[in-house]
Amino acid sequence: MRRHRPPLVTVADARAALWSLTATAAGLGVAIVLVSGVRVASPWDVLLVALVVGLGDALLRAPLRRLARAGGAVVALVLGLAAQVLVVGAALTFLPGVTSGSWADVLAVLLVAGVVMACGHWVVGARDNAYVVGDLLRRARRRAGLPRRAAVGEAGTDDAGADGSADGGSDDRPPGVLVVLLDGVARPTLEHALEAGLVPTMERWLGSGSHRLESWWARVPCTTPASTLGLLHGTTDAVPAFRWWSRRLGRLVVTNRPADAAEVERSASDGRGLLADGGVAVSTMFSGDAPTSLLVMSRATEGLGPGQLFVRFFASPFVLVRALVGTVGEALKEVYQGWQQVVRGVRPRVPRRGWYPVLRAVTNVLLRDLNTSLVAEQLVRGAPVVCVDLVDYDEIAHHAGPLRPESLRALEGLDRVVGLWEEIARGAPRRYRTVVVSDHGQSLGATFEQVVGRSLSDEVHRLMALPAPARGEHPDGEAWGPANTALHALRKDGDGAGRLLVGPDRDTRRSSLPEVEVIGSGNLGMVWFCREPRRLSAADVAVRWPALVPGLLESPAVGCVVVHGAQGPVARGRLGSHDLATGRVTGRDPLAAYGSRARADLLRVAGLEDAGDLVVVSAVGPMGRVHAFEGLVGSHGGLGGAQSEALLLHPADLVVPDDEREDVDGARVLVGAEAVHRRLVAWLAGLGLRERT
């Protein structure tokens with residue numbers, strides 16, 4: 001049965017407009033008092049200014065979209081900011097009873113009003129970012145026939161729309177799917193958040209029976225580029241680590257560089273990725289072959305995406321300013337929380353200084369607000385499949401620890417965002433089902449350097465009798481990913497990282513390569529002997545650097561080193577070895593502490609084309625603690641702890657057949673991002689969202 005056509009304007013709409021007008025007037029009023037160059041004759045004039053600002057936004061939105069369509073996101077940003085300044089400037093200059101001295105005063109009013117409104121938003125307890133998509137929320141509520149303050153479904157009722165439906169079985173809208181990637185969230189971590197009451201939206205889904213929560217096994221390397229490539233394109237063979245040395249290219253490949261991400265995607269894509277049939281990718285590392293890509297790393301050299309889709313965020317009065325204010329507040333909060341860890345003597349911990357507070361702030365406020373707006377608009381437009389990657393938790397957990405309070409609080413914020421999208425989906429043209437999936441988990445532990453006193457790179461160089469490498473902070477780590485996407489997209493060009501080492505001078509140039517490259521991906525380390533045209537065997541390494549492998553195995557922070565023997569890869573430990581091809585164990589099994597998947601995972605990763613000559617996995621303690629080969633207290637990439645136990649939260653009517661699962665430590669789960677990709681594609685096909693090929 002069809003739903004009744006909603007009225008064009010409801011009482012809830014009028015109430016929302018009045019509240020918005022009041023909030024804007026309050027912000028402008030305080031700003032006018034504080035900015036000496038602006039004067040008003042009476043408080044009613046402030047209300048008139050606020051009304052003009054709101055009307056200006058409504059009238060300019062459509063022409064700004066048309067202009068930004070041709071110019072891209074950068075044009076949308078410039079036009080949006082210019083429109084805000086012009087509207088506020090016109091109101092302060094031409095309205096009767098209002099005077100302003102200069103455009104500097106206009107800018108000051110705009111900034112101060114944004115600060116006041118952001119602070120007021122925080123004081124009254126509205127700490128989510130619903131204001132970013134306020135107009136879309138009102139439209140969605142009106143279409144769904146809901147009062148403005150209606151809850152997003154009542155606990156324990158399946159009709160409430162946990163899958164995006166407003167009226168249960170009578171909904172005749174075509175289906176759609178929203179795939180939310182929660183970067184770095186292990187299933188046990190989500191269960192902690194559920195018990196703590198931090199994720200009420202997802203708790204309601206599980207309590208009502210509308211969704212089911214299960215694990216899937218993120219194979220080594222359980223890193224964002226590997227898992228995301230697998231989830232979106234169905235293969236992980238091109239990614240042996242977070243960063244790696246390519247003999248074919250003669251350089252490091254870093255997937256946080258757009259040119260490299262694009263090259264990896266080209267090697268993996270068959271044109272039929274998860275989002276191929278009209279889908280939209282938002283803030284993901286790879287596109288999934290989506291026709292529309294917004295803030296996608298592998299497409300960053302082409303720009304941020306269609307400009308008209310960014311107008312709402314950049315042009316809405318005070319939205320961008322409030323997001324910037326929140327960004328500054330988040331940076332200060334990070335400084336305070338890092339200081340508190342030191343004061344309380346929390347261990348293990350790592351320094352939380354340098355660029356990290358700024359990166360956390362940009363990722364967890366500014367980019368989250370932008371993502372919220374972009375996804376919401378795609379839902380309202382009726383995109384068949386939307387996939388978004390939310391990295392907030394992962395960024396904090398790396399530096400604070402996977403289960404530390406500030407990390408779990410990030411999940412609270414992400415749950416609110418998912419709740420906003422759910423509410424918007426209730427009035428969308430499609431009945432959206434929401435699937436929440438993570439790319440991996442995280443494991444806690446002191447770093448390799450904290451245990452040994454040297455970094456893994458320094459230790460390898462020492463054992464090879466080479467000078468220690470120069471050290472420095474480079475924007476190649478995982479935390480830089482979202483920022484790199486935006487910066488490279490604004491430049492609209494790569495960084496020259498795609499150079500190939502080919503041609504007649506290849507041999508002469510080989511001597512200019514580093515003798516060894518050591519890269520840590522969490523507690524997975526890899527060592528490449530860069531000047532060698534082929535991968536070296538264990539015997540070759542023993543002859544050239546006899547102290548290297550034995551020295552690594554003597555380290556208390558190393559659990560095993562995978563070398564290449566005559567018959568294939570072998571995992572060596574201090575007291576024994578494990579032939580990965582045959583399963584034969586000599587002495588004490590070095591893989592015993594890593595679980596039932598260790599042999600299969602290490603055999604696979606050691607056989608990848610670009611895998612290191614040596615593959616190092618840190619020791620794992622009885623509590624599942626590992627030792628990252630990076631400066632991170634929460635890590636992922638190798639084996640041990642919860643890092644491999646990713647989560648899959650899906651609607652109950654989208655079933656995972658048991659014959660697709662494998663046994664892992666006594667549980668039946670999907671194994672590998674490829675398996676999850678195949679299941680997601682099967683669900684889309686079952687809903688009629690995949691074209692037949």
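Nothing in this text is a laboratory measurement; each read-out follows from the coordinates by a stated rule. From a predicted model like this one, the values you see are computed outputs, not experimental measurements. Cβ placement follows ideal geometry from the backbone for every residue including glycine, while neighbour counts extend to all protein chains displayed.
Peptide packing: for 606-618, 195-207, the average count of neighbouring Cβ atoms within 10 Å per residue gives the ranking 606-618, 195-207, highest mean first. Sorted fewest first by neighbouring Cβ atoms within 10 angstrom, 60, 55, 232, 275 come out as 55, 60, 275, 232. Taking amide H as placed 1.01 Å from N in the peptide plane, residue 644 has its amide H under 5 Å from the amide H of 441, each at least 5 places away in sequence or on another chain.
When peptides 464-470, 401-407 are ranked by their average number of other Cβ atoms within 10 Å per residue, the highest-first order is 401-407, 464-470.
In order along segment 176-186, phi translates into HN-Hα couplings of x, 9, 10, 9, 10, 8, 9, 4, x, 8, 6 Hz, rounded to whole numbers, per the Karplus curve 6.51 cos²θ - 1.76 cosθ + 1.60 with θ = phi - 60° and x for Gly and Pro. Taking the number of Cβ atoms within 10 Å of each Cβ as an exposure proxy, the fewest-first ranking of 20, 577 is 20, 577. Around the amide H of residue 668, modelled in the peptide plane, lies no amide H under 5 Å away from a residue 5 or more places distant or on another chain.
Sequentially through segment 449-461, phi angles give Karplus couplings (6.51, -1.76, 1.60; θ = phi - 60°) of 5, 5, 7, 8, x, 9, 6, 4, 4, 4, 5, 5, 4 Hz, Gly and Pro residues having no value and appearing as x. Couplings 3J(HN,Hα) of segment 352-361, computed from phi: 10, 10, x, 7, 4, x, 5, 5, 4, 4 Hz, in residue order, whole Hz [Karplus 6.51 cos²θ - 1.76 cosθ + 1.60, θ = phi - 60°; x for Gly and Pro]. In this structure, the amide hydrogen of residue 431, modeled 1.01 Å from its nitrogen in the peptide plane, lies closer than 5 angstrom to those of 176, counting only residues at least 5 positions away or on a different chain.
Shape analysis of segment 244-392 places it in the oblate category; the axes a ≥ b ≥ c from the Cα gyration tensor give an a/c of at least 1.5, with a/b not above b/c. Each label point was placed 7 Å from the Cα along the Cα-to-Cβ direction; for residue 342 and residue 212 their separation is 4.9 nm. Each of 432, 336 has some number of other Cβ atoms within 10 Å of its Cβ, and from fewest to most they run 336, 432. Of the peptides 107-116, 175-184, the order by per-residue mean of other Cβ atoms within 10 Å, starting with the highest, comes out as 175-184, 107-116.
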